[in-house]
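The values are calculated or read from the model by the stated rules, or taken from the named source; none is laboratory data. Everything quoted here is computed from the prediction, not taken from an experiment. FYI the Cβ positions are ideal-geometry reconstructions off the backbone, even for glycines, and counts take in every protein chain you see. Accessible surface areas use protein heavy atoms only, side chains included; no ligands, DNA or RNA. Shrake-Rupley method; radii C 1.70, N 1.55, O 1.52, S 1.80 Å.
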Amino acid sequence: VLLLEVGGPDKSPLFRVPFGYYFIRGNEKYDWNFTTQIDVGMKSRQFVWPRGKVLGGSSSINGLAYVRGQPEDFDDWQASFSAKNPSEFWDWQNVQPYLKKLEGLKEIEECPKMGKTGPIKIERSSSEWPIIDAWLESAIGSGYPLNHNYNSINGEGVGLYQQTLDKGLRSSCSRAYLKPIKKRSNLLILTNAIVKKIIIEHKTAVGVEISRHGKDEVFNCNCDVIMSAGAIGTPQLLMLSGVGLGRHLNDHGITVKHHLPGVGQNLQDHLQARPVFQCRSKTLNTLLDNKFRLAWHVMCHVILRKGLLAMGAGLGAGFIKSNVSCVRPDLQFFVQPFSIDPITSKPHNFDAFTMAFYQMRPKSRGKIELSSNDIGIEPKISPNYLSENIDKETLLNGIKIVNKLANASPLKEIIVSKNNGIDFDIATDEEMINWVKETAVTAYHPVGTCKMGDDDKSVVDETLSIRGINNLRVVDASVMPLITSGNTNAPTIMLAEKAADLIKQKYS
């Protein structure tokens, strides 16, 4: 097995310390730091999309939240196939065992339907912040049930996030899967290896062409070439290899090896609104300015693996229905004991918390297109956020829920001011949607650009094999036909676990 990674190894301590993500993102050594095209529907803004460029990919730089998604998400995957496969590869019944297989949950007695022996270690975040406790109390008092076990069948409610943590340290795919087997004699890992194209002959993938340390090399393969470059990199590499919409490839001087118009289409992402509230309770904002308290937290993590440095991107979790007609939750909340100035991208100089949220199943669709036939030039990313009215309506209802919670006790007694440049108490619906367009950001969950299925827009079949090309598979978030209800790390790992079995079946 030859494993090619365009980035480097995950040796820096910042990859192990959970809060290290705050310092890694935006670092071009470890982060692709993609920039989208201007999105006219979002006040002509451009968005920065972090993606991991290191062993472990985005699992090495993400915010650590562990969210399976809802069972209906996977039933919807299977239902998206027009011809129902008798084996039902991707419904909930068939993916749940693979989720359990990857899970190594610490609090198994409270979550009996989750796995306890898997390689990805999972721990519940601990609330050491009174503002998070106050939010939970206000939410429960407003009628939302307490549910720390949101990864169960009934995921509705509020609680604390489960995080990919192993005794206070990040549990990435690299650490969980790769580190234990790095020295196997049948495995070669090459880092800083830029794959320029997949070599395709007679509708069969036979190898790859790479550039490493300024030198081009070709590696031949008589089994499967497996692409795991993510929802941005995978369609780009496929198109550069001659697989995609024929006329688009011709426009960039690329020989068409296989006309497959769905490559790069069906792009989906979670758009996150981030209401900020200045508060009387101490938060991370002022803690970061206090060298002595910060030093104490460093020592706390070194000795106990607890405290600030063991914190992921979100502590307070919420899975909430945007209106009474919803059959299942469609809004996800991330409550964080800190806030960031959207202009400077630095923490505010006052104590504040963020009640971030997004619509879990957006209907808007974007696309990935080539900018050039050079792998070194990033592709055109067009999110097309809020192009469907239902997405606007859902986020509008989310703002109203945020405002309801901010006006509920005990939270309202702690809030000093609402620092959003808009008064949600008196703003019109149009003003609130405009606020979303002006301030919302990506939640870092692009998926769907090489979707599985059996229609004309599908790129891979139910075994994740490229339709019309032999010995070429895609195993990453790009194959999801529909985005899952929550963070996409867990379902992506599940895809890989299931793909491993499919590949073994082929060669057994």
Checklist entry - Any residue in the stretch 34-41 that is touching a Gly at 6+ places or on another chain (Cβ under 7 Å) and assigned to a helix (DSSP H, G or I)? => result no
Next on the checklist: Taking the conditions exactly as written (among the hydroxyl-bearing types (Ser, Thr, Tyr), open to solvent by 60 Å² or more (accessible area, probe 1.4 Å), farther than 30 Å from ILE194 by Cβ and part of a loop (DSSP other than H, G, I, E, B)), does SER325 satisfy them or not?
Outcome noted: yes
Item to check | Failed condition for ASP269, given (1) acidic (Asp, Glu); (2) farther than 22 Å from CYS450 by Cα; (3) open to solvent by less than 70 Å² (accessible area, probe 1.4 Å) | outcome: (2)
Checklist entry - Quick one: which of THR492, THR394, THR442 is open to solvent by less than 40 Å² (accessible area, probe 1.4 Å), touching a helix residue (DSSP H, G or I) at 6+ places or on another chain (Cβ under 9 Å) and of a type outside the set (Lys, Arg)? => result THR492
Checklist entry - Quick check, is GLY312 small (Gly, Ala, Ser) and either outside any loop (DSSP other than H, G, I, E, B) or surrounded by 22 or more Cβ atoms within 10 Å (Cβ to Cβ) (or both)? => result yes
Checklist outcome for this item: Of the listed residues (LYS457, LYS506), the one being open to solvent by 20 Å² or more (accessible area, probe 1.4 Å), out of contact with any Ser or Thr (no Cβ under 6 Å at 6 or more places or on another chain), closer than 30 Å to HIS202 by Cβ and not in a helix (DSSP H, G or I) is LYS457
Checklist entry - Among the candidates VAL67, VAL17, VAL40, which residue alone is farther than 17 Å from ASN489 by Cα and in contact with a helix residue (DSSP H, G or I) (Cβ under 8 Å, 6 or more places away or on another chain)? => result VAL17
Next on the checklist: Need pairs with beta-carbon distance below 6 Å; first residue touching a residue at least 24 places away in the same chain (Cβ under 8 Å) and closer than 19 Å to ASN470 by Cα and within the stretch 186-202, second open to solvent by 70 Å² or more (accessible area, probe 1.4 Å) and not in a strand (DSSP E or B); sequence gap 6+ or separate chains.
Outcome noted: ILE200/LYS257
Checklist entry - Would you call VAL474 open to solvent by less than 10 Å² (accessible area, probe 1.4 Å), more than 30 Å from ASN154 (Cα to Cα) and without any contact (Cβ under 8 Å) to a residue 24 or more places away in the chain? => result no
Item to check | Output for the stretch 96-113, where each listed residue is in a helix (DSSP H, G or I) and either open to solvent by less than 10 Å² (accessible area, probe 1.4 Å) or touching a Lys or Arg at 6+ places or on another chain (Cβ under 6 Å) (or both) | outcome: TYR98, LEU99, LEU102, ILE108
Checklist outcome for this item: When GLN93 is run through (1) touching a residue at least 40 places away in the same chain (Cβ under 8 Å); (2) over 28 Å from ASP166 (Cβ atoms); (3) open to solvent by 60 Å² or more (accessible area, probe 1.4 Å), the failure sits at (1)
Item to check | Filter pass, ILE469 being touching a strand residue (DSSP E or B) at 6+ places or on another chain (Cβ under 7 Å) and either modelled with pLDDT under 95 or farther than 17 Å from PHE81 by Cβ (or both) | outcome: yes
Checklist outcome for this item: Note on LYS29: of the conditions (1) in a strand (DSSP E or B); (2) open to solvent by 70 Å² or more (accessible area, probe 1.4 Å), unmet is (1)
Next on the checklist: Looking at the stretch 51-62, can you tell me whether even one residue there is surrounded by fewer than 22 Cβ atoms within 10 Å (Cβ to Cβ) and either under 14 Å from MET480 (Cβ atoms) or not charged (D, E, K, R) (or both)?
Outcome noted: no
Next on the checklist: Can you confirm whether PHE81 is in a loop (DSSP other than H, G, I, E, B), more than 23 Å from the chain's Cα centre (by Cα) and touching a residue at least 24 places away in the same chain (Cβ under 8 Å)?
Outcome noted: yes
Item to check | Residue selected from the stretch 361-375 under the condition within 23 Å of the chain's Cα centre (by Cα) and open to solvent by less than 40 Å² (accessible area, probe 1.4 Å), by the criterion nearest to SER485 (Cα to Cα) | outcome: PRO362
Next on the checklist: Given the condition in a helix (DSSP H, G or I) and crowded, with 22+ Cβ neighbours inside 10 Å, answer yes or no: does some residue in the stretch 114-129 qualify?
Outcome noted: no
Checklist entry - Within the stretch 137-158, which residues are open to solvent by 20 Å² or more (accessible area, probe 1.4 Å) and outside any loop (DSSP other than H, G, I, E, B)? => result GLU137, ILE140, GLY141, LEU146
